[in-house]
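A quick write-up on the structure given underneath.
The values are calculated or read from the model by the stated rules, or taken from the named source; none is laboratory data. Since this is a predicted model, take the numbers as computed values, not measurements. In this analysis, Cβ positions are derived from the backbone assuming ideal geometry, glycine residues included, and neighbour counts consider all displayed protein chains. For the accessible areas, the whole protein counts, side chains as well, though only heavy atoms, and no ligand, DNA or RNA atoms are used. Shrake-Rupley method; radii C 1.70, N 1.55, O 1.52, S 1.80 Å.
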Amino acid sequence: MNDEKRFRDMMRRLVAMSPEAPDFPEETIMAKHTPSKPRPNPVLMFAAGAALVAAVMIPVFLISRGDAPVGVGTTTTTTAPSTTTAPDTATTTTQATTTTVPDNTSSTQPVESVWSRPVFLYQTPANSFLGNPALVPVWLELTDTGGTLSPDDEFTAALAVLGTELPELPASSGLANAVPAEVQIISLTTATQGADQSWVADMNEAFLAGAGGLLADVTMLNQLIYTITDNTLGSVLFTVNGQPVEAFGSEGIVLTDPVDRETFIEHLAPIFLTTPVIDGEDGYTVAGKANVFEASLSVQVLDGSGGVVHEEHLMASCGSGCWGEFSVDLDPGLITPGESSVRLFTYSAEDGSMTNVLTVPIPADSGVWEITVG
């Protein structure tokens, strides 16, 4: 069936579906004629309704066959651009999120910090009749690369190192640390008692256990005392949780009052150092304390193979039962950093052998020990 026949058939159906026009009323002759508004012709109304239905149905019929003319169905055509914009929006959002992540990560990287100051370690002297340790201060340059230490200043940072291992110090140096790794200094402040002012070192609870044995406990205290008092004040009050320590270490040492460099000095070797051996304005200064026979001691400079390059005699300010101070400046030309060592000792009055021998290596950086943590 072609389109024309379909159209005619549809028109017949529309006409058949339309209601029949009502019969016209018979005319009645009125005694008096009153003019009225003209009535719509029913036939015309029927024709208009049929035309309206045809106008609606014809496009629908044609669209269903796929023969819509140009300009019909533009709603479907305009929907496509709206669908293609969604992926563009998602891609833009992902890119913005990705670029912000590296910025946030880089801003939280720890900042490298460097502190430099003397720290007291110890060495057990050779051929000593007492066996007490000798304090040896080293000029320490501490580099914290991982933000593991957060001290208020370089002074507290140096103390924090006493509670860590020192792997950079060679075993041949003979230098050791009696402060256990668990011991930490929480804060370092000052306090005034009467006319005296002292440091207050608040320690963690691991401090109370000491270092294991009386000599180790006292050596640990001497290391801390000498390191802290290397600044301006001469005494230290140790506290834990803000309270003075009533029992410390294996022997329950009472530390309720401030202690100073003289408190436990009798537990030290007859010769020890009080300043680091570094290259200064007057050369390499070797200074310390001694309690030796007739206040007499000697100093030597050794080369890398242990040969004696230089030796001279020293006199302490007191001896034979009392502690005296000594100091000597060595010519830098005698020392090769990284190879040379300085040796302090006394000659035995009995057989002339070297006793209380303290040997201090000179690091490659002119006496500065460099340690990195973090």
Note to self: Net charge around residue 184, counting only other residues with Cβ within less than 11 Å of its Cβ (Lys, Arg = +1; Asp, Glu = -1)?
What the structure shows: -3
Check: If amide H atoms are built 1.01 Å from N in the plane of the peptide, which residues on other chains or at least 5 residues away come under 5 Å of the amide H of residue 237?
Finding: 199, 200, 201, 259
Next item on the list: May I ask you to give the percent of accessible area on region 330-374 that is carbon plus sulfur, with a probe radius of 1.4 Å?
Entry: 46
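Can you tell me the relative contact order of region 278-331? Whole percent, Cα pairs under 8 Å, sequence separation 6 or more. Mind showing how you got there, number by number?
Details: 105 pairs, mean separation 24.5, N = 54.
Computed over region 278-331, the figure is 45 percent.
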Check: For region 266-360, what is the largest minus smallest coordinate of the Cα atoms on each principal axis, given in angstrom and ordered from greatest to least?
Finding: 36, 29, 22
Checklist line | Whole-Hz ³J(HN,Hα) from phi, Karplus 6.51 cos²θ - 1.76 cosθ + 1.60, for region 303-320, glycine and proline x | finding: 8, x, 9, x, x, 7, 8, 7, 8, 8, 8, 10, 10, 7, 6, 7, x, 6
Next item on the list: With θ set to phi - 60°, apply the Karplus curve 6.51 cos²θ - 1.76 cosθ + 1.60 along region 246-260 and write out the HN-Hα couplings as whole Hz, x wherever there is a Gly or Pro.
Entry: 8, 8, 10, x, 5, 9, x, 5, 7, 10, 6, 10, x, 10, 9
Notebook entry, point to check: Accessible surface of residue 257 in the full protein assembly, 1.4 angstrom probe, to the nearest 10 Å²?
Noted result: 100
Check: What residues have an amide H closer than 5 Å to that of residue 121, excluding those fewer than 5 places away on the same chain, when H is modeled at 1.01 Å from N in the peptide plane?
Finding: 136, 138
Note to self: Under 5 Å between amide hydrogens, which residues at least 5 positions from residue 211 or on another chain qualify, with H placed 1.01 Å from N in the peptide plane?
What the structure shows: 217, 250
